[in-house]
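Heads up, the thing below is written out as structure tokens.
The values are calculated or read from the model by the stated rules, or taken from the named source; none is laboratory data. The structure displayed is predicted, hence computed values, not measured ones. A quick note on method: Cβ atoms are made from the backbone with ideal geometry, for glycine too, and the neighbour counts reach across all protein chains shown.
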Amino acid sequence: MGHPKPQNRLVTSVKSPKSSRLLRAERRWFYIFISPWLISFLALTIYPMIASAYYSLTDYSVLSPPKWVGFSNYTSLFHDPLFWHSIQVTIIYSACTVVLQLVLGFVTALLLNLRIPGMRILRTIYYLPTVLPVAASAMLWTFLFLPQYGIADTVIKFVTGKNGPQWLADPKWALTALIIMSAWSVGSTMIIFLAGLQSIPEELYEACEIDGASSLRKMFAITVPMLTPQLLLNLIMGLIGAFQTFVQPYMMTDGGGPNYATYLYSLSIYENAFQSFKMGLASAQAWILFAVLLALTGLIFKTSARWVYYGGMDA
């Protein structure tokens, strides 16, 4: 005797009028609470982006209505030697700054991960420069790099017996001074690496010690691979920040001097927009910068699957 076949039953969920009212009320309050952020995002981010995209195709000087010129702003930039010089300076500065911050941030995180008394105080001290105003830091480093009388030249003269370079007054050393200053804000990179170090399981190091691995072997077999997600984050954030550096060269080198040695791309945008009032040209430069950063970020993400390791997850 066979078992009776179960009958297919259509299960429907009927919401009561009360639950429907509650759902509508929650949705309404949700939009009310996010409305300040949503309005500011639309007014201060989306609208300026759309407006700058339009102005990049116009001849706009603020004092007169914009005139449609198509892609003339972009073609004129590509024929401007100063535009290409600013790109060259920015690439050199960004490459050196990102590498310096990654190396120093990693080494500092390793040292601050040691278990010694007073380590929390040391971590706070190393992170403090990151939260200081950029303008105040720029003024401080301007005094440090004063020729002959600055602390940097005083230390060099004490050690070598010779006068140091002119730093910000010398075209050969001005960009180097800005790169050295970038190490001042290594705290944010360090804290991300430190968080990654403290998330590495101790069992991995214990297993390596049982196998007789040296400290150097543990570094490259465990520490570095396990920190590749933090390395990816610091690389992208550092790259974006370096390409957008403005306050330091503007305050310390009088807007890109001497002799355009520190004429970064952001300074070029500022000069065209607020000194020459060529808003259309500046908007075109801003969109070129956006496209370059988007392409570099996309390239890094695309290649990250080859070298970034997420523990316990398939890449």
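Worth a mention:
- Selection of helices (runs of 4 or more DSSP H) fully inside region 132-208 by the criterion of at least 2 residues being within 30 Å of residue 225 (Cα to Cα) and either in contact with an Asp or Glu (Cβ under 8 Å, 6 or more places away or on another chain) or touching a residue at least 12 places away in the same chain (Cβ under 8 Å) (or both) returns 174-182, 187-198.
- For region 56-65, a residue qualifies if it is more than 12 Å from residue 277 (Cβ to Cβ) and surrounded by 13 or more Cβ atoms within 10 Å (Cβ to Cβ), and the qualifying residues are 56, 57, 58.
- Matching residues in region 267-315 - criterion: being of a type in the set (Gly, Ala, Ser), out of contact with any strand residue (DSSP E or B) (no Cβ under 7 Å at 6 or more places or on another chain), in contact (Cβ under 8 Å) with a residue 60 or more places away in the chain and closer than 19 Å to residue 80 by Cα: 268, 283, 284, 286
- Residue within region 197-208 that is aromatic (Phe, Trp, Tyr) and under 17 Å from residue 248 (Cβ atoms) present: no
- Subset of region 68-105 (residues that are in a helix (DSSP H, G or I), more than 22 Å from residue 171 (Cα to Cα) and touching a Ser or Thr at 6+ places or on another chain (Cβ under 8 Å)): 73, 74, 101, 102, 104, 105
- Filtering region 246-266 to residues that are of a type in the set (Val, Ile, Thr) and either in contact with a Phe, Trp or Tyr (Cβ under 9 Å, 6 or more places away or on another chain) or free of Cβ contacts under 8 Å to residues at least 40 places away in the same chain (or both) leaves 253, 262.
- Test result for residue 117, surrounded by 13 or more Cβ atoms within 10 Å (Cβ to Cβ), not in a helix (DSSP H, G or I) and not aromatic (Phe, Trp, Tyr): no
- One residue stands out in region 245-279 among those that are at pLDDT 95 or above, among the polar types (S, T, N, Q) and not in a helix (DSSP H, G or I): the one that is farthest from residue 169 (Cα to Cα), namely 245.
- Single condition residue 62 does not satisfy, out of (1) touching a residue at least 12 places away in the same chain (Cβ under 8 Å); (2) part of a helix (DSSP H, G or I); (3) farther than 28 Å from residue 296 by Cβ: (2)
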